[in-house]
Amino acid sequence: MSERILRSTDYFGAIVSAATLAPPGVEVVTDLRCRRRPQRRRCHGLIRLRLQEKPAELIWWCPQCGDNGIIRNWKGIPWTLVHTRTDDISNSDEYCEILLSKKEYALLTEISILESGAIKAVEDARVKDDAYVIVGSVEDIDDLMGYIAFEANHEQKPRRRLALNRLFDKFSDSIEGKW
């Protein structure tokens, strides 16, 4: 296969992977950069998507440039991941839901070292009323807090360190009493 086809396959495979981590019907903001180049300049938009199971369609779009598409019959392809949560997990003691502003979410995505459970919680963020909702197990959120603390402890810039400490406190408040 040509390199162009391989890049397209990887791109759309990443979209399918991101979509199949979220429950159907939920709008997901991914960390996937748009591939379009309007007026020969790279678009800096992040792909958003929504999955529906009946019919099996994945709707994706870039709010920045308007690039969009529908991926049909995504079930069973190699990039399909298992749903890791349902819409009702916020009622469970094992899961936490944290509402973040755009700035807080952007700060969270800038953390340099994250492992699988923490990455999953960040990538699965849902958009709700112009904010981001992080949903994850108490263990995943606790792991994520460790990375936030590590980043804050090694940050040289006082403002960013303060913002990371506030973010840590917000996460800490959300899991208080769930251990």
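The values are calculated or read from the model by the stated rules, or taken from the named source; none is laboratory data. Predicted model, so just to flag it, every value in this text is computed and none were measured. Positions of Cβ are backbone-derived with ideal geometry, glycine not excepted, and every protein chain shown enters the neighbour counts.
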What number of residues in the stretch 78-123 are at pLDDT 55 or above, touching a strand residue (DSSP E or B) at 6+ places or on another chain (Cβ under 9 Å) and basic (Lys, Arg)? 2
Residue ID - nearest to Ala14 (Cα to Cα), chosen from residues in the stretch 118-163 that are free of Cβ contacts under 8 Å to residues at least 12 places away in the same chain and not in a helix (DSSP H, G or I): Asp129
Any residue in the stretch 12-28 that is among the aromatic types (Phe, Trp, Tyr), buried (at least 16 other Cβ atoms within 10 Å of the Cβ), within 15 Å of the chain's Cα centre (by Cα) and not assigned by TED's automatic domain parsing to the domain that holds Gly136? no
Filter the stretch 29-38 down to the residues that are surrounded by 15 or more Cβ atoms within 10 Å (Cβ to Cβ) and part of a strand (DSSP E or B), then identify the one that is farthest from the chain's Cα centre (by Cα). Arg33
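Which count do you get for residues in the stretch 26-58 that are touching a residue at least 40 places away in the same chain (Cβ under 8 Å) and farther than 24 Å from Leu108 by Cα? Break it down stepwise before answering.
First, the residues of the stretch 26-58 that are touching a residue at least 40 places away in the same chain (Cβ under 8 Å): 26-31, 48, 58.
Now narrow it down to the ones that are farther than 24 Å from Leu108 by Cα: 58.
Qualifying residue count for the region: 1.
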Scanning the stretch 1-28 for residues that are among the charged types (D, E, K, R) and assigned to a helix (DSSP H, G or I), which turns out farthest from Asp130 (Cα to Cα)? Glu3
